[in-house]
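Engineer: Before anything else, here's the structure in question.
The values are calculated or read from the model by the stated rules, or taken from the named source; none is laboratory data. These figures come from a predicted structure and were not determined experimentally. Counting neighbours? That spans all protein chains shown, and the Cβs are built from the backbone with ideal geometry, glycine included. Ligands, DNA and RNA are excluded from the accessible area calculation, which covers all protein heavy atoms including side chains. Shrake-Rupley method; radii C 1.70, N 1.55, O 1.52, S 1.80 Å.
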Amino acid sequence: MAAAVSESLNGDRILMVEAGTGVGKTLAYMLPLLHFALTNDTRVVISTETRSLQEQILKKDLPIAQKLLGAHIQAEVCLGSSNYVCKRKLNEALNSGTIDPRMGTALQPFLDWEATTTDGIRHEYNGRTTPLFWKQTTRDPDQCLANRCPYYRESYYFVAREKWRNAHLLIVNHSLLAAHYALEARLLPPFAHLVVDESHRFPEIFHEAFVRQIDCDELQMLIHEGQPLNLQEQKQIDAFRNDLLHAFTLKEGERSRLTVPFQASSTDAILKLLTERTVITERSLDDLRSQQDLGMDAGETVTTDVRVMELNARLARLKEVRSIIDSFAAGPRPNQVLWIQNPEGGDGQNYRMHAAPLRPGPLFSKYFYPEIQSTIFTSATLTGTGTRPFTYFAGEIGLRDTESAAELRGRVSTRLLASPFDFPGQAILYLPPTLPDPSMQEDAFHEQVAIEIQHLIALTGGGAFILFTSTRSLRAVDRVLRRMHGDHNLLDADGLPIEWINQLDAGAAVARRRFLEAERAVLLGLASFWQGIDVAGDRLRLVVLVRLPFRVPDEPILAARMETEKAAGREPFRTIQLPQATLAMKQGFGRLIRSQSDTGIVAILDPRVQTRRYGKEILDALPPARRVGNQSDLLRAYREVRGRKARL
């Protein structure tokens, strides 16, 4: 893998490499990447999915790589600007007395921390805060004066950016990298060589950076800001809100895709209001700039600069919102998706409008590849099924069916590197006798799932992830298990209690922490536990994949993409849904075996993996664990793999 990475860096190539767990992919890409950066005196970038993985690369992997190379490299972790305390906003809030009063006595410990911190990163502060307080005190790019700010030289964010400019290695997260390209490559210092680690999620995150949205409440505030509403204008805004509510009758959390123009008499009035506010804002900006040209004292300069900044942000947002509503009035263009959502936790009156590109591939073609000379995409799960396993991922990153795909094809290479772990000796794949088909007998399926889960937990004594694809399914199985065992009063073989953790009750972060702290626990989890969670050692002995993770086909973007595939004469199940589900299954399976000493069971309870033709393709894409199909064989196999662990 290291040789392939080095070849790609030196040859300005694009490499897709799937490296199974245990290959050592981080060092395999880091060693040639650092050598390339130092040899060519150039900046390189590593992107990974989460902030915790950024810290792991900096503090764990980088020191090892530097020791092996016998060289030091200046490296910096890059975070989005909202992670940094803004000194100007903090002092203005303090001086004006507008600090969130709920902070109370918690304010002084924060001020003590802020007086001593060298980087002002919010997640490094462990004291009590409130969401409003962070909104009042962290950087907002739309409210930033940049080098005109009186605190510019001591700004945590701009001091960090200066460090970024002086570094050979930048360690970023996918969200920041995607935002960098969505904002015309303005967030990070220039670079031309990149490794995208954990890249199975990057196309989706990249796509999300280009989604635009506006809800009815923000629309009203945007029109009202700086210009009081008269009675007629308020009626026009209320009429637009009501037209949306009547055209799309949505329950909480529901979405509806727009496939024809949104024709409502109120739309023209709203567009006219937005145009009027745009003209007023432009005039106000011109007036302020004229005042700046005439000169003013220092205090007036700062006040005027703040106002210019606010008006520029408002002007950009007015134009963007007008574009969204224009799109709704005209109907979706080719390669565009429009939808309405009734957000969860709202009052049911604040619908949100969304506008998004149809696919991520063309976005990579337009915004990503023109800025990059070499890129390495790597993950433990990049490939799907069939003889061309990289086909799906290549399409998602713009290397198929885009304007630049033919031009880039000669620069693309792939590597598929299997895990060195002994999966037949370490892992059991349990495929129980056929359960009811969940697509036809959902209630009966949930009943049988609960029975299987209780047998499995009795065997392993806890140490289990029970992974679901929907909230509804998790709740249904949880209800059955509570009915069978009271309030989950489960005991292991030695009579010791098993802790039962439900992500819906505890939240993902707390559920994860409780599981890692417990000796014997069962965690019922959703999508966030299918990937990115490492539980090495004996705390995790069982992973249950309750249902095949096919995405709901009425999701607006997925539905539009499936229609496009059908229109092109292709079968969307095979080109979109099956590859997505296969990658998710590989991620879910990957939670179990993280080291050579890990052992345990992966159970797939969805009978379609055994009864449908595509099931064999999914199973063949998974690691080659020892397969069993009944309880007696499972018991014998589990004793054998646990005995192997005891001998290590």
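Engineer: Tell me, what is the 1.4 Å probe accessible area of residue 180, in Å² to the nearest 10?
Structural biologist: Ignoring ligands and nucleic acids, residue 180 comes out at about 10 Å².
Engineer: Also, I was wondering about something else. List the lysines whose alpha-carbon lies under 21 Å from that of residue 67, not counting same-chain residues fewer than 8 positions away?
Structural biologist: Cα-Cα hits under 21 Å: 25, 59.
Engineer: A follow-up question, please. Sorted by packing (mean other beta-carbon atoms within 10 Å per residue), highest first, where do 344-351, 531-538 land?
Structural biologist: In decreasing order of mean packing, 344-351, 531-538 become 531-538, 344-351.
Engineer: Run the paramagnetic zone check for residue 571: 7 angstrom along Cα to Cβ, then residues of the stretch 385-415 with backbone nitrogen under 20 Å.
Structural biologist: The answer is 385-393, 395, whose backbone nitrogens lie closer than 20 Å to the label point.
Engineer: Write down the percent of antiparallel bridges among all DSSP beta bridges whose residues are both part of the chain, to the nearest 5.
Structural biologist: Antiparallel: roughly 25 percent of the beta bridges in the chain.
Engineer: For the peptides 592-602, 505-515, what is the packing order when you average, over each peptide's residues, the other Cβ atoms within 10 Å and list the highest mean first?
Structural biologist: Per-residue mean Cβ counts within 10 Å order the peptides as 592-602, 505-515.
Engineer: While we're on this one: Please report the projected area of the stretch 196-355's Cα convex hull averaged over all directions, in nm².
Structural biologist: Reported value for the Cα convex hull: 13.4 nm².
Engineer: So what J values fall out for the stretch 376-388 if you push phi through Karplus, 6.51 cos²θ - 1.76 cosθ + 1.60 with θ = phi - 60°, rounded to Hz, Gly and Pro as x?
Structural biologist: 10, 9, 9, 5, 7, 9, 10, 9, x, 9, x, 7, 10
Engineer: Quick check: convex hull of the Cα atoms in the chain, volume per residue, rounded to a whole Å³?
Structural biologist: Each residue corresponds to 195 Å³ of Cα convex hull volume.
Engineer: Tell me, how many Å apart are the Cα centres for the stretch 358-393 and for the stretch 40-66?
Structural biologist: Rounded to whole Å, the Cα centres lie 21 Å apart.
Engineer: So for the stretch 40-146, what are the equivalent ellipsoid semi-axes in whole Å, largest first, each being the square root of 5 times an eigenvalue of the Cα gyration tensor?
Structural biologist: Taking √(5λ) for each eigenvalue gives 34, 15, 12 Å, largest first.
Engineer: What's the ranking of 365-374, 577-586 by average number of surrounding C-beta atoms within 10 Å, highest first?
Structural biologist: Descending mean neighbour count gives 577-586, 365-374.
Engineer: What list of ³J(HN,Hα) values in whole Hz, one per residue of the stretch 594-610 in order, does the Karplus curve 6.51 cos²θ - 1.76 cosθ + 1.60 (θ = phi - 60°) give from phi, with Gly and Pro shown as x?
Structural biologist: With the stated coefficients, the stretch 594-610 comes to 10, 8, 5, 9, 6, 9, x, 10, 10, 10, 10, 9, 6, x, 5, 5, 9 Hz.
Engineer: Then there's this: Given only helices, namely DSSP H runs of n ≥ 4 each adding -39500 (n - 2.57), what is the per-residue ellipticity at 222 nm of the chain, to the nearest 500 deg cm²/dmol?
Structural biologist: Estimated from H runs of four or more residues: -14000 deg cm²/dmol.
Engineer: Here is a follow-up. Hey, can you grab everything whose amide H is under 5 Å from the amide H of residue 258? Only 5+ residues off in sequence or another chain; H modelled, so Pro and N-termini drop out.
Structural biologist: Correct list: 338, 339, 340.
Engineer: Please give every one of the lysines within straight-line cross-link reach of residue 251, meaning a C-alpha to C-alpha distance under 28 Å, and leave out same-chain neighbours fewer than 8 residues apart.
Structural biologist: Partners within reach: 235.
Engineer: To the nearest Å, what is the center-to-center distance of the stretch 439-453 and the stretch 84-154, using C-alpha atoms only?
Structural biologist: 51
Engineer: Now for a separate question. List, in order, the whole-Hz ³J(HN,Hα) value for each residue of the stretch 89-95 obtained from phi through the Karplus relation with A = 6.51, B = -1.76, C = 1.60 and θ = phi - 60°; use x for Gly and Pro.
Structural biologist: Values, residue by residue: 5, 4, 5, 5, 5, 5, 5 Hz.
Engineer: Sort out for me the Cα centre separation of the stretch 554-618 from the stretch 200-218, rounded to whole Å.
Structural biologist: 23
Engineer: Another question, if that's okay. Quick one: which residues, 5+ away or cross-chain, put their amide H under 5 Å from the amide H of residue 86? H built at 1.01 Å from N.
Structural biologist: 138, 139
Engineer: Now a separate question. Taking amide hydrogens as modeled 1.01 Å from N in the peptide plane, which residues meet the under 5 Å criterion relative to residue 466, leaving out close sequence neighbours?
Structural biologist: 523, 524, 525, 544
Engineer: Within the stretch 1-97, report the trypsin sites (Lys or Arg not before Pro) that DSSP leaves as loop and that have at most 16 other Cβ atoms within 10 Å.
Structural biologist: Answer in residue order: no site qualifies.
Engineer: So between residue 455 and residue 509, what do we pick up on full extension, going 0.36 nm a residue minus the alpha carbon distance?
Structural biologist: 16.7 nm
Engineer: Label the stretch 200-287 by shape, choosing from rounded, prolate and oblate, from the square roots a ≥ b ≥ c of the eigenvalues of the Cα gyration tensor; if a/c is under 1.5 it is rounded, and otherwise prolate applies when a/b is larger than b/c, oblate when it is not.
Structural biologist: oblate
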